[in-house]
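Participant: Pasting a structure below so you can have a look.
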Amino acid sequence: MDALPRLLDWLLPQLGPRPFVLGLAGAQGSGKSTLAARSAERWADCAAPLPAAGGAVPAAGRFAAAVSIDDFYLPKSRRQALAARIHPLLATRGPPGTHDLPLLHDVLSRIRAGRPVALPVFDKLADDRLPPQHWRRFDRIDLLILEGWCIGLRPQPASALVAPINSLEASEDPQARWRTHINQALAGPYASLWNRLDALALLAAPDWDMVPIWRAQQEAGLARATGRKGMDTPALTRFCAHYERLTRWQLADTPHHAGLVLRLDEARRVVA
């Protein structure tokens, strides 16, 4: 079963004249970036113009865009500063605490106000944000699909942080300072961000074990598309370990508060 019609059937009745922000969550490699882009394209193609203010003159058209929370990663220099000040593992992009939330809040505010907006672009192979001249610019956005692996994540109970979940946590975060910092970020700044979403959908992987396989496929595709070498197997295994705790938590917790849950099989087909 295809995820696109199921997402659109659920989403379209919720849309109205005001800008709408959909959060689309899913583990790495689950296909959320492709689904977000296809959904934005399909909606933009079929959306009828809405009346302008007062209903007198039809609007010229309606505009949709998809953006990844990955594009809001802090630049490398700022993550290195966090690593020096708080914990060395914060140098690695991905977990909550490594995103530029003020920038994302500013983007959402501009969209809500119907103002021109620029969406940042992060170069994952260079591990850094591209300069503003390379950002995507829109006169306005009526539907924004904000996708990312941690969208909508809530903090874990404090008791869940005590025991390490893998060898990375055991060897590099034995006192739980890194995972506690992440959890505190989810309880505070990220919770405020999720409150600005109009709706939340989840692409649910079959289990955690499938995620590193999907991520390896994603890395290989990125390298082929750009002609640049990606992470080798040991580097990729270590990288995925940064995500394991919260991906497992996402699969257990997010279905209880997402508006739509699409459960996937190993081939990323919707099975429920």
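Participant: Which residue, of LEU108, LEU161, is free of Cβ contacts under 8 Å to residues at least 24 places away in the same chain, out of contact with any Leu (no Cβ under 7 Å at 6 or more places or on another chain) and buried (at least 17 other Cβ atoms within 10 Å of the Cβ)?
Facilitator: Of LEU108, LEU161, the one residue that is free of Cβ contacts under 8 Å to residues at least 24 places away in the same chain, out of contact with any Leu (no Cβ under 7 Å at 6 or more places or on another chain) and buried (at least 17 other Cβ atoms within 10 Å of the Cβ) is LEU161.
Participant: Separate question: Taking the stretch 167-191 as the search range and keeping residues that are in contact (Cβ under 8 Å) with a residue 60 or more places away in the chain and surrounded by fewer than 18 Cβ atoms within 10 Å (Cβ to Cβ), which one is nearest to GLY26 (Cα to Cα)?
Facilitator: Checking each candidate, the answer is PRO189.
Participant: Considering the stretch 260-272 alone, what residues qualify as being surrounded by fewer than 20 Cβ atoms within 10 Å (Cβ to Cβ) and either of a type in the set (Ser, Thr, Tyr) or in contact with a helix residue (DSSP H, G or I) (Cβ under 7 Å, 6 or more places away or on another chain) (or both)?
Facilitator: LEU260, VAL261, GLU266, VAL270, listed by residue number.
Participant: Just wondering, is there one or more residues in the stretch 238-245 that are free of Cβ contacts under 8 Å to residues at least 60 places away in the same chain and part of a helix (DSSP H, G or I)?
Facilitator: No, that holds for no residue.
Participant: Now, a different point. Of the residues ASP142, ASP173, ASP127, only one is of a type outside the set (S, T, N, Q) and within 16 Å of PHE72 (Cβ to Cβ); which?
Facilitator: Result: ASP127 is the single residue among ASP142, ASP173, ASP127 that is of a type outside the set (S, T, N, Q) and within 16 Å of PHE72 (Cβ to Cβ).
Participant: Here is a follow-up. When the residues of the stretch 80-93 are filtered to those that are touching a residue at least 12 places away in the same chain (Cβ under 8 Å) and surrounded by fewer than 19 Cβ atoms within 10 Å (Cβ to Cβ), which remaining residue is nearest to the chain's Cα centre (by Cα)?
Facilitator: Checking each candidate, the answer is THR92.
Participant: If you take the residues of the stretch 1-23 that are exposed (fewer than 15 other Cβ atoms within 10 Å of the Cβ) and assigned to a loop (DSSP other than H, G, I, E, B), which of them is modelled with the lowest pLDDT?
Facilitator: Per the criteria, the residue is MET1.
The values are calculated or read from the model by the stated rules, or taken from the named source; none is laboratory data. Just so it is clear, the structure is predicted and the values come from calculations on it, not from any experiment. Note: ideal-geometry Cβ built from the backbone for every residue, glycine included; neighbour counts use all protein chains shown.
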